[in-house]
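K.L.:
Before anything else, here's the structure in question.
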Amino acid sequence: MTFSATDIARQFLFVREAGPNTGQRVEAIQKWSGGSAGDSWCCEFATMVLDILFQGKAPIPRLQACQDVYELAKKNKWLTNTPVSGDIFIYVNSTDHAHHIGIITKDGGGVGIAGNTSEDGTSSNGDRVAEHSITTNPKVIKYIHYPRN
């Protein structure tokens, strides 16, 4: 059986924080990606999912900072305007600094799953893993199509 990043990410939809950026399962995600309790953990969640998908050999390593993933994608020319399920989404601010990350769950974008978000996706520092609508405004969202092989 072959799994996608979306399949793996959905297995974590039950994860909730016990306190701000803490809790046994949240801290396990943080630790998996080399972080610490209390970290904002959206990037740690996304890179953990890829680590599982690629069985330790992901093209995007386990990281803590969304900006590091964004810089890696720009360097390797992995940015795309036509995302497919399993691609990465990155929210950027007006200075093109990345501040939130997750996994596209619908071809074309518009829906994604992320850690450290809210149920409705309006918070990039929420209390759970959630799948929800995401913006498609190219001024604030970038898509990463990383190598699959």
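The values are calculated or read from the model by the stated rules, or taken from the named source; none is laboratory data. In this text, all values refer to a predicted model and were calculated from it rather than measured experimentally. Don't worry about glycine lacking a Cβ; one is built from the backbone with ideal geometry, like all the others, and counts go over all protein chains shown.
K.L.:
Taking the condition acidic (Asp, Glu), surrounded by fewer than 22 Cβ atoms within 10 Å (Cβ to Cβ) and under 12 Å from the mean Cα position of the chain (by Cα), does residue 27 pass?
P.N.:
No: the conditions fail for residue 27.
K.L.:
So, one more: Scan 126, 121, 109 and give me the residue that is over 18 Å from residue 67 (Cα atoms), under 13 Å from the mean Cα position of the chain (by Cα) and in a loop (DSSP other than H, G, I, E, B).
P.N.:
121
K.L.:
Let me ask you something else. Filter segment 31-46 down to residues that are without any contact (Cβ under 8 Å) to a residue 24 or more places away in the chain and either among the charged types (D, E, K, R) or touching a helix residue (DSSP H, G or I) at 6+ places or on another chain (Cβ under 7 Å) (or both), then give me how many there are.
P.N.:
Number of matching residues: 3.
K.L.:
Out of (1) assigned to a helix (DSSP H, G or I); (2) at positive phi, what's the single condition that is false for residue 55?
P.N.:
(1)
K.L.:
Among the residues of segment 81-90, is any modelled with pLDDT of 95 or more, outside any strand (DSSP E or B), crowded, with 24+ Cβ neighbours inside 10 Å and among the small types (Gly, Ala, Ser)?
P.N.:
Scanning segment 81-90, I find no residue that is modelled with pLDDT of 95 or more, outside any strand (DSSP E or B), crowded, with 24+ Cβ neighbours inside 10 Å and among the small types (Gly, Ala, Ser), so the answer is no.
K.L.:
Within segment 119-128, is there a residue that is among the small types (Gly, Ala, Ser), closer than 21 Å to residue 33 by Cα, surrounded by fewer than 19 Cβ atoms within 10 Å (Cβ to Cβ) and modelled with pLDDT under 95?
P.N.:
Yes.
K.L.:
Checking the structure you have, find out if any residue of segment 15-23 is part of a strand (DSSP E or B) and touching a residue at least 40 places away in the same chain (Cβ under 8 Å).
P.N.:
yes
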